[in-house]
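Q: Please read through the structure below; I'll follow up with questions.
The values are calculated or read from the model by the stated rules, or taken from the named source; none is laboratory data. None of these values were measured; they are calculated from a predicted model. Cβ placement follows ideal geometry from the backbone for every residue including glycine, while neighbour counts extend to all protein chains displayed. Areas reflect the complete protein model, heavy atoms only, side chains present, ligands, DNA and RNA absent. Shrake-Rupley method; radii C 1.70, N 1.55, O 1.52, S 1.80 Å.
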4 protein chains.
Amino acid sequence: MITETRREVCRLHAELVRYDLVAWTAGNVSGRVPGEDLFVIKPSGVSYDELTPESMVVCDLDGKLVEGDHAPSSDTEAHAYVYRHMPEVGGVVHTHSTYATAWAARGEPIPCVLTAMADEFGGPIPVGPFALIGGDDIGRGIVKTLAGHRSRAVLMQNHGVFTIGESPKAAVKAAVMCEDVARTVHISRQLGRPVPIEPHHIDSLFDRYQNVYGQRSAK
Amino acid sequence: MITETRREVCRLHAELVRYDLVAWTAGNVSGRVPGEDLFVIKPSGVSYDELTPESMVVCDLDGKLVEGDHAPSSDTEAHAYVYRHMPEVGGVVHTHSTYATAWAARGEPIPCVLTAMADEFGGPIPVGPFALIGGDDIGRGIVKTLAGHRSRAVLMQNHGVFTIGESPKAAVKAAVMCEDVARTVHISRQLGRPVPIEPHHIDSLFDRYQNVYGQRSAK
Amino acid sequence: MITETRREVCRLHAELVRYDLVAWTAGNVSGRVPGEDLFVIKPSGVSYDELTPESMVVCDLDGKLVEGDHAPSSDTEAHAYVYRHMPEVGGVVHTHSTYATAWAARGEPIPCVLTAMADEFGGPIPVGPFALIGGDDIGRGIVKTLAGHRSRAVLMQNHGVFTIGESPKAAVKAAVMCEDVARTVHISRQLGRPVPIEPHHIDSLFDRYQNVYGQRSAK
Amino acid sequence: MITETRREVCRLHAELVRYDLVAWTAGNVSGRVPGEDLFVIKPSGVSYDELTPESMVVCDLDGKLVEGDHAPSSDTEAHAYVYRHMPEVGGVVHTHSTYATAWAARGEPIPCVLTAMADEFGGPIPVGPFALIGGDDIGRGIVKTLAGHRSRAVLMQNHGVFTIGESPKAAVKAAVMCEDVARTVHISRQLGRPVPIEPHHIDSLFDRYQNVYGQRSAK
């Protein structure tokens with residue numbers, strides 16, 4: 001199971017590169033090992049080209065290294081906090097993707113003006129607090145903002161994006177879609193005011209997408 | 001004939017990726033099967049990398065699955081409505097391409113200020129109504145907006161773009177050109193007012209391009 | 001010599017794609033055949049992937065097809081006009097590259113606020129007149145604007161860019177650099193006013209670059 | 001040692017291309033040869049595709065050619081000045097990357113409103129003077145601006161970016177991160193005012209990143 005999670009988490013980093021969500025080594029994916037109090041995460045400061053399943057790092061839910069030859073990502077404490085406090089979460093992604101981080105730097109939530117955003121996030125994408133790295137502040141900010149919220153993405157002020165999902169792949173999808181809607185809404189706003197979508201339309205889009213979209217088993 | 005349409009529709013999805021018109025699985029191409037009341041469309045929620053001619057789905061003109069192992073795209077009803085009401089249409093494309101969708105979010109047509117836009121679209125690219133997915137609302141909005149209009153692209157409000165063509169390839173070309181002009185006109189407008197093109201010049205550019213451009217047989 | 005020019009002109013189209021200067025089939029390179037009253041140009045409406053040296057078209061300086069199985073680019077008359085009236089020109093490039101065309105749509109020259117722009121263009125990049133395709137209007141607009149001007153690029157109003165060079169490669173370089181400076185100056189202007197460069201500094205940068213830069217034989 | 005530096009400096013040019021920091025031949029990396037008063041730099045006007053370890057040029061600290069078949073980069077004097085006056089520097093990079101150069105064209109420092117910017121640059125990225133190429137003016141401007149400054153990047157007015165590092169790779173990383181933060185802060189500013197980060201938070205982020213991040217030996 002650990003071997004499979006190492007492989008999947010490693011492979012998903014290539015999606016961050018492909019969708020241009022990361023520069024140099026500044027972004028990471030983690031995945032909970034099914035049935036264990038463990039998660040797999042990127043090693044710190046290693047370039048995406050050099051990642052292999054073997055170089056991935058296994059940590060316990062306090063973020064302590066359990067298995068691996070490298071130091072874990074410097075964001076490990078934030079990932080660990082999320083896994084400890086949100087048992088339904090199977091994957092966490094962190095990026096500094098450009099447009100989402102631009103909203104985060106202004107501390108401004110992304111308004112829900114696209115049907116794709118209603119589908120995926122069920123409303124605006126919220127902003128979490130400014131928090132320093134090291135310790136539980138970032139993790140606490142993520143969990144506090146996302147608990148009870150439909151959005152699976154949070155813009156951490158002046159910092160970047162964290163997304164969660166039932167699996168690492170779902171969290172990566174949320175990271176890709178978050179940047180996509182952050183960009184489109186930004187560009188729309190540059191030349192005027194996007195038309196709001198009525199709340200009951202957002203509700204029905206979100207409901208449909210969560211329950212109907214995709215191949216039933218492949219979601 | 002179905003085999004050939006499966007192959008062509010599958011292949012054209014790679015153009016959506018190449019021209020950066022789609023993120024994750026959010027865009028689709030369909031093609032009418034020549035001489036049949038059928039069309040081929042992308043399966044729902046399957047990533048572009050994994051598409052094969054065999055995984056494409058065949059539907060009748062009511063959007064019901066006729067052949068294929070996967071559920072058809074969640075946009076199938078909109079495609080089907082277009083094929084039922086516009087017999088001259090051989091291909092339909094749907095994307096959330098960034099700049100076109102940014103205009104759509106404001107509900108603002110793209111003004112015709114580029115000769116390439118006059119060539120391809122013969123005037124502004126119009127906006128269709130806000131419509132929820134599921135049922136005929138989106139399809140009806142597309143057909144109502146494009147019927148009798150020169151433009152082969154419509155910006156569906158808060159949603160994205162639908163394009164039509166005599167073939168799937170022509171519809172993909174319209175999707176590529178729609179995003180290209182949406183981007184260029186957006187950027188031009190950011191620093192001032194683009195110079196309008198006089199209507200009779202638009203007419204003569206459109207007329208020439210539709211009748212003279214390209215290799216006669218390859219259009 | 002024709003064979004060599006076919007190969008070079010074909011190869012250079014890949015640079016237009018690599019630098020993202022073209023969408024679908026909307027851009028072309030041509031090259032004068034050394035020592036002949038002929039030039040080689042892209043066939044009309046053929047995609048960049050499918051271009052081969054053999055599919056390139058040879059025209060005389062009136063733009064009439066001399067050799068080739070395809071119709072020449074619909075911009076052939078403009079290229080031919082340039083070769084007839086500017087004997088020092090060995091290559092011509094036409095694109096609708098995004099940022100340059102955005103300036104062209106406003107009919108606004110690009111001010112010289114970058115040292116790289118002083119190097120390559122020796123001052124602002126000028127705007128040519130609105131002109132319809134078909135006949136000599138576009139070619140005349142290019143020549144009238146560039147004759148006696150340092151810039152090897154002209155923004156044709158509402159249309160796109162034409163660049164010239166002593167060779168096809170030099171014209172492609174001018175097209176790449178034109179889009180690069182169009183983009184950088186646009187972005188700089190979005191948040192304020194770029195600092196002007198004093199005219200005598202522009203002169204000395206231009207002079208140095210034209211005479212000192214690069215490997216002596218490889219320019 | 002020279003062979004190893006040639007290989008590394010050659011290889012790092014591909015990162016400039018990969019991160020889209022350069023157009024045509026307009027950017028260069030150099031690296032000090034460990035233990036020698038020499039550095040390796042890109043040949044002038046050669047395209048990135050054609051670079052090989054053998055085509056790289058070796059210069060002394062006055063910027064004079066010591067070994068190599070090509071003329072050294074036209075920016076060699078600036079690199080040499082930095083190596084002469086900053087003995088701790090092992091690598092220098094110069095680019096005209098789009099967003100950083102847009103700030104440089106306005107002569108405006110990039111404010112520190114991102115935690116990643118506090119990490120990497122420890123504060124705002126400063127602007128250096130307008131300086132003509134040829135002679136020591138550019139080198140002097142770089143050294144004067146960066147001496148005693150935390151930032152390893154300087155925006156040379158109307159020109160572009162120079163970055164320094166303890167190794168060529170560290171200087172390339174600084175160039176990549178400089179463009180990344182220049183872009184994100186630009187985009188954030190387009191729609192309002194980014195939230196400032198308090199100076200003592202910047203200090204603690206910078207301190208932590210310089211001392212804790214990455215695999216200890218791989219920094």
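Q: Hey, could you check the stretch C:149-164 for residues that are open to solvent by 10 Å² or more (accessible area, probe 1.4 Å) and over 14 Å from C:Val82 (Cα atoms) and say which is farthest from the other protein chains (Cβ to nearest Cβ)? Give the steps one after another, and end with the answer.
A: Within the stretch C:149-164, the first condition is being open to solvent by 10 Å² or more (accessible area, probe 1.4 Å), and the residues that meet it are C:149-150, C:152, C:157, C:159.
Okay, now just the ones that are also over 14 Å from C:Val82 (Cα atoms), so C:149-150, C:157, C:159.
On the way: C:His149: 21, C:Arg150: 18, C:Gln157: 6, C:His159: 5 Å.
By that ranking, first place goes to C:His149.
Q: Here is a further query. What is the number of the single condition among (1) crowded, with 21+ Cβ neighbours inside 10 Å; (2) free of Cβ contacts under 8 Å to residues at least 24 places away in the same chain that C:Leu191 does not meet?
A: All conditions pass for C:Leu191, except number (1).
Q: Could you list, in sequence order, all residues of the stretch B:19-45 that are surrounded by 20 or more Cβ atoms within 10 Å (Cβ to Cβ), within 9 Å of another protein chain (Cβ to nearest Cβ) and more than 30 Å from C:Tyr19 (Cα to Cα)?
A: Scanning the stretch B:19-45 gives B:Pro43, B:Ser44.
Q: Separate question: Conditions: (1) of a type outside the set (D, E, K, R); (2) more than 7 Å from every other protein chain (Cβ to nearest Cβ); (3) in contact with a strand residue (DSSP E or B) (Cβ under 9 Å, 6 or more places away or on another chain). C:Ala116 meets all but one. Number of the miss?
A: The single condition C:Ala116 does not satisfy is (2).
Q: Could you say which residue among C:Val127, C:Val143 is under 14 Å from the mean Cα position of the chain (by Cα), crowded, with 19+ Cβ neighbours inside 10 Å and more than 14 Å from chain B (Cβ to nearest Cβ)? Step through it out loud before you land on a result.
A: Details: C:Val127 fails: more than 14 Å from chain B (Cβ to nearest Cβ).
Answer to the selection: C:Val143.
For (1) surrounded by fewer than 21 Cβ atoms within 10 Å (Cβ to Cβ); (2) within 14 Å of chain A (Cβ to nearest Cβ); (3) within 21 Å of D:Asn28 (Cβ to Cβ), each residue gets a yes or a no:
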position: D:Ile133; (1), (2), (3): yes, no, yes
position: D:Glu166; (1), (2), (3): yes, no, yes
position: D:Lys173; (1), (2), (3): no, yes, yes
position: D:Cys178; (1), (2), (3): no, yes, yes
position: D:Pro196; (1), (2), (3): yes, yes, no
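Q: Of all residues being open to solvent by less than 10 Å² (accessible area, probe 1.4 Å) and assigned to a helix (DSSP H, G or I) in the stretch D:80-98, which is farthest from the other protein chains (Cβ to nearest Cβ)? Just the residue, please.
A: Ranking the qualifying residues of the stretch D:80-98, first place goes to D:Tyr83.
Q: If a residue must be out of contact with any strand residue (DSSP E or B) (no Cβ under 9 Å at 6 or more places or on another chain) and closer than 19 Å to C:Tyr81 by Cα, how many such residues does the stretch C:7-35 contain?
A: Qualifying residue count, the stretch C:7-35: 2.
Q: Go through the stretch A:120-138 and give me each residue that's of a type in the set (A, V, I, L, M, F, W, C) and either farther than 21 Å from D:Glu198 by Cβ or in contact (Cβ under 8 Å) with a residue 40 or more places away in the chain (or both).
A: In the first step, residues of the stretch A:120-138 are kept if they are of a type in the set (A, V, I, L, M, F, W, C); the result is A:121, A:125, A:127, A:130-133, A:138.
Answer for the stretch A:120-138, where residues must be of a type in the set (A, V, I, L, M, F, W, C) and either farther than 21 Å from D:Glu198 by Cβ or in contact (Cβ under 8 Å) with a residue 40 or more places away in the chain (or both): A:Phe121, A:Ile125, A:Ile133, A:Ile138.
Q: Answer with yes or no whether C:Thr76 is open to solvent by less than 10 Å² (accessible area, probe 1.4 Å) and within 26 Å of B:Arg18 (Cα to Cα).
A: Against the criterion (open to solvent by less than 10 Å² (accessible area, probe 1.4 Å) and within 26 Å of B:Arg18 (Cα to Cα)), C:Thr76 does not qualify.
Q: Same structure again: Could you tell me whether the stretch D:69-79 includes any residue that is in contact with a Leu (Cβ under 7 Å, 6 or more places away or on another chain) and over 27 Å from C:Lys169 (Cβ atoms)? Give the steps one after another, and end with the answer.
A: Taking the stretch D:69-79 as the starting set, the residues that turn out to be in contact with a Leu (Cβ under 7 Å, 6 or more places away or on another chain) are D:72.
Cutting the leftovers down to over 27 Å from C:Lys169 (Cβ atoms) gives us none.
Looking through the stretch D:69-79, none of the residues is in contact with a Leu (Cβ under 7 Å, 6 or more places away or on another chain) and over 27 Å from C:Lys169 (Cβ atoms).
Q: Turning to a different aspect of this structure: Across the stretch C:46-64, what is the number of residues that are more than 17 Å from C:Val92 (Cβ to Cβ) and open to solvent by 60 Å² or more (accessible area, probe 1.4 Å)?
A: Counting residues in the stretch C:46-64 that are more than 17 Å from C:Val92 (Cβ to Cβ) and open to solvent by 60 Å² or more (accessible area, probe 1.4 Å) gives 3.
Q: Take the conditions touching an Asp or Glu at 6+ places or on another chain (Cβ under 9 Å) and modelled with pLDDT of 95 or more and apply them to A:Val22. Does it pass?
A: Values: touching an Asp or Glu at 6+ places or on another chain (Cβ under 9 Å): no; modelled with pLDDT of 95 or more: yes.
Judged against the criteria, A:Val22 is not a match.
Q: Among the residues of the stretch A:186-212, which ones are under 22 Å from B:Gly128 (Cβ atoms) and at pLDDT below 85?
A: Correct list: empty.
Q: What number goes with the only condition from (1) touching a Pro at 6+ places or on another chain (Cβ under 9 Å); (2) crowded, with 16+ Cβ neighbours inside 10 Å that D:Thr3 does not pass?
A: Condition not satisfied by D:Thr3: (2).
Q: Being in contact (Cβ under 8 Å) with a residue 60 or more places away in the chain and of a type outside the set (Asp, Glu) is true for just one of A:Gly90, A:Gly107, A:Gly141. Which residue is that? Lay out the reasoning, then the answer.
A: Working: A:Gly107 fails: in contact (Cβ under 8 Å) with a residue 60 or more places away in the chain; A:Gly141 fails: in contact (Cβ under 8 Å) with a residue 60 or more places away in the chain.
It is A:Gly90.
Q: Out of all the residues in the stretch A:180-192, which are facing chain B (nearest Cβ under 7 Å) and either farther than 15 Å from A:Asp119 by Cβ or among the hydroxyl-bearing types (Ser, Thr, Tyr) (or both)?
A: Scanning the stretch A:180-192 gives A:Arg183, A:Thr184, A:Ile187, A:Ser188, A:Gln190, A:Leu191, A:Gly192.
Q: Can you pull out every residue in the stretch B:30-58 that is touching a residue at least 24 places away in the same chain (Cβ under 8 Å) and among the acidic types (Asp, Glu)?
A: Within the stretch B:30-58, B:Glu36, B:Asp37, B:Glu54 qualify.
Q: Taking B:Asp207 as the residue in question, decide whether it is closer than 15 Å to B:Val113 by Cα and either in contact (Cβ under 8 Å) with a residue 40 or more places away in the chain or surrounded by fewer than 24 Cβ atoms within 10 Å (Cβ to Cβ) (or both). Lay out the reasoning, then the answer.
A: Working: closer than 15 Å to B:Val113 by Cα: no; either in contact (Cβ under 8 Å) with a residue 40 or more places away in the chain or surrounded by fewer than 24 Cβ atoms within 10 Å (Cβ to Cβ) (or both): yes.
No: the conditions fail for B:Asp207.
Q: So which strands (runs of 3 or more DSSP E) stay within the stretch D:1-79 end to end and still have 3 or more residues that are in contact with a helix residue (DSSP H, G or I) (Cβ under 7 Å, 6 or more places away or on another chain)?
A: Values: elements: D:27-32, D:38-41, D:57-60, D:65-67.
In the stretch D:1-79, D:27-32, D:38-41 are the strands (runs of 3 or more DSSP E) which contain 3 or more residues that are in contact with a helix residue (DSSP H, G or I) (Cβ under 7 Å, 6 or more places away or on another chain).
Q: Still on this structure: Hey, could you check the stretch B:67-116 for residues that are within 17 Å of B:Val57 (Cβ to Cβ) and among the small types (Gly, Ala, Ser) and say which is nearest to the chain's Cα centre (by Cα)?
A: The extreme case among them is B:Gly91.
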